[in-house]
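Here the structure comes first, spelled out in structure tokens, and everything after it is commentary.
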There are 2 protein chains.
Amino acid sequence: MTRSEENYLKTIFHLGGGRDASITTNAIAEQMETKPSSVTDMARKLAEKGLLHYKKYQGVSLTDLGTKKALSIIRKHRLWEVFLVEKLDFTWDEVHEVAEQLEHIKSEKLIDKLDELLDFPKYDPHGDPIPTKDGKFMERDKKLLSEMPISASGVCVGVKDSSVPFLKFLDKNKIALGNTIKVLEKEDFDQSLRIQMEGKDFRISHQIASNLYVKTE
Amino acid sequence: MTRSEENYLKTIFHLGGGRDASITTNAIAEQMETKPSSVTDMARKLAEKGLLHYKKYQGVSLTDLGTKKALSIIRKHRLWEVFLVEKLDFTWDEVHEVAEQLEHIKSEKLIDKLDELLDFPKYDPHGDPIPTKDGKFMERDKKLLSEMPISASGVCVGVKDSSVPFLKFLDKNKIALGNTIKVLEKEDFDQSLRIQMEGKDFRISHQIASNLYVKTE
DNA sequence: AATTAAATTTAGACAAATCTAAAAATTGAT
DNA sequence: ATCAATTTTTAGATTTGTCTAAATTTAATT
């Protein structure tokens with residue numbers, strides 16, 4: 001599989017192209033910052049190879065084989081992200097770009113050994129689950145911080161928005177995975193929250209709270 | 001720089017294209033398992049970019065910039081090899097192929113941090129020196145085992161032939177970098193050696209002895 | 001110095017992945 | 001159910017890196 005083919009499969013998976021949910025040419029093109037006509041060409045090619053279901057004008061979905069390949073790439077991407085953060089002290093916002101390159105390295109032994117080095121992590125630095133070798137993974141039971149009731153507390157386990165600006169914001173404010181957060185007060189007026197985290201009191205906007213995932217036991 | 005361009009620079013460097021030693025189109029083609037006509041095309045392109053000196057029919061050599069780029073790729077390759085052996089338990093013969101892929105990952109921070117994680121190694125698993133960030137490196141003072149006099153001893157620091165079959169042979173016979181080797185006897189008839197290594201006595205052929213580097217203090 | 005052999009370059013073609021512009025199919029609004 | 005708007009596909013072109021076959025240059029031999 002070429003790098004480009006792998007990127008298409010990954011993108012289609014992320015757009016929900018598993019099961020049979022048909023993904024449109026346009027959606028893929030937009031996500032990948034390419035043109036719909038290029039997507040059509042690639043859809044043909046990947047269908048030819050048995051990785052996609054594709055009927056003209058009907059959109060695209062992953063076959064079982066395609067899903068398997070997509071998960072394998074996502075597994076690699078997320079393991080490399082853990083490596084970058086845990087072993088090389090990268091910050092949240094720095095890992096994605098490099099992992100985009102590393103995910104295409106071809107060596108089964110490499111990824112197995114990397115998994116072992118990292119002690120078989122289940123989640124990546126954004127809190128997203130890492131598929132196992134045989135393509136299984138568990139979405140964590142989590143909810144948005146903005147949906148927690150007053151006085152409830154939980155552990156920060158992930159982000160909804162993983163854009164660089166948001167991740168940088170979190171870094172700057174020392175909001176990190178694993179931190180325990182308690183909701184002290186909710187402001188009706190602007191839905192901002194007062195929270196306690198690592199001993200300190202914070203006020204955070206609704207926009208932040210609705211992009212942070214928390215695990216509530 | 002594309003992956004292909006990087007591979008050309010690396011190959012030309014390895015063929016001795018530094019200084020002004022002119023490397024022939026054919027030599028490059030043979031080394032890279034491609035055709036001379038393809039090399040000509042690329043030579044033009046790289047000369048255009050200021051990375052090579054190239055005059056039609058006169059062969060090719062690296063410019064200062066080209067040398068710098070080549071060394072940067074070699075640095076990455078060798079650091080990744082150390083990583084694979086030290087952190088992921090790869091054997092000598094397994095590292096090259098994967099490092100060929102990893103050397104093209106683009107991230108300065110990645111390679112700096114990797115260097116740090118590995119504790120700034122000076123030599124790769126084959127005993128070859130790792131260029132520093134600014135392109136300096138020291139060839140180690142070493143000699144071939146076959147050139148050592150009787151009763152001299154030294155530490156195994158590298159291989160001349162780094163083909164997979166040879167490296168596998170060394171692995172199988174527990175001949176590893178860092179081992180201390182003493183020459184006990186040289187057989188005039190076939191130039192085989194009797195050596196002492198890690199407590200045990202061995203007999204090794206001239207072919208082996210003439211592909212193992214030893215450091216003699 | 002001429003001729004042959006070898007190395008190198010040129011010319012033209014191809015595959016992969018992309019693009020633009022035009023054509024075709026689908027959607028959805030009335 | 002029709003027609004306009006939108007989406008998708010087709011057709012043809014482009015770029016990168018490669019190839020083959022033919023032409024050219026250099027090197028070697030006599």
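The values are calculated or read from the model by the stated rules, or taken from the named source; none is laboratory data. It should be emphasised that the depicted structure is a prediction, and the values quoted were computed from it without experimental measurement. Don't worry about glycine lacking a Cβ; one is built from the backbone with ideal geometry, like all the others, and counts go over all protein chains shown. Accessible surface areas use protein heavy atoms only, side chains included; no ligands, DNA or RNA. Shrake-Rupley method; radii C 1.70, N 1.55, O 1.52, S 1.80 Å.
The residues neighbouring A:Phe120, those whose beta-carbon lies less than 11 Å from its own, together hold a net charge of -2 under the Lys/Arg +1, Asp/Glu -1 convention. Split the accessible area of chain B by element, probe 1.4 Å, and carbon with sulfur accounts for 48%. Taking the label point 7 Å along Cα→Cβ, B:Asp171 and its counterparts in the other copies are spaced 3.8 nm apart, in ascending order. Each listed q (0.06, 0.12, 0.14 Å⁻¹) maps to a log10 I(q)/I(0) for the protein assembly as shown, found by the Debye formula over equal Cα scatterers with no solvent: -0.38, -1.14, -1.31. Span-like helix check, chain A: qualifying full DSSP H segments, with Cα axial length of 20 Å or more and mean Kyte-Doolittle of -0.5 or more, are A:64-86. Measuring spread by the Cα atoms of chain A yields a radius of gyration and Dmax of 19.3, 58 Å.
Sparsely packed loop sites in segment B:156-186 (the trypsin sites (Lys or Arg not before Pro) outside DSSP H, G, I, E and B with at most 11 other Cβ atoms within 10 Å) comprise B:Lys174.
Within the assembled protein chains, the solvent-accessible surface assigned to A:Lys45 is about 90 Å², based on a 1.4 Å probe. Along its three principal directions, the equivalent ellipsoid of segment B:143-215 from the Cα gyration tensor extends over semi-axes of 17, 13, 12 Å, largest first. For B:His14, the accessible surface of its heavy atoms amounts to roughly 110 Å² (probe 1.4 Å, protein chains only, rounded to the nearest 10).
Please state the charge dipole magnitude for segment B:15-143, taken about the Cα centre, from unit charges on C-beta atoms (+1 on K and R, -1 on D and E), reported in debye and rounded to the nearest 20.
Around 740 debye, computed over segment B:15-143.
In chain B, the DSSP-assigned H stretches of four residues or longer account for a calculated mean residue ellipticity at 222 nm of -12500 deg cm²/dmol, using -39500 (n - 2.57) per stretch and the full residue count as denominator.
Of the residues in segment A:87-107, those shielded by at least 10 Å² of accessible area once partner protein chains are present, compared with the chain alone at a 1.4 Å probe, are A:Lys87, A:Leu88, A:Asp89, A:Phe90, A:Glu94, A:Val98, A:Gln101, A:Leu102, A:Ile105, A:Lys106, A:Ser107. Applying a DSSP loop filter and a limit of 12 other Cβ atoms within 10 Å to the GluC sites (Glu not before Pro) in segment B:1-106 leaves B:Glu33. In segment A:108-151, burial by the other protein chains removes 40 Å² or more of 1.4 Å probe accessible surface, compared with the chain on its own, from A:Lys109, A:Leu110, A:Lys113, A:Leu117. Position B:Asp141: other-copy label points at 6.7 nm, ordered by increasing distance, label point 7 Å along Cα→C-beta. Taking the Cα centre of chain A as origin and assigning +1 to Lys and Arg Cβ atoms and -1 to Asp and Glu Cβ atoms, the resulting dipole is close to 560 debye.
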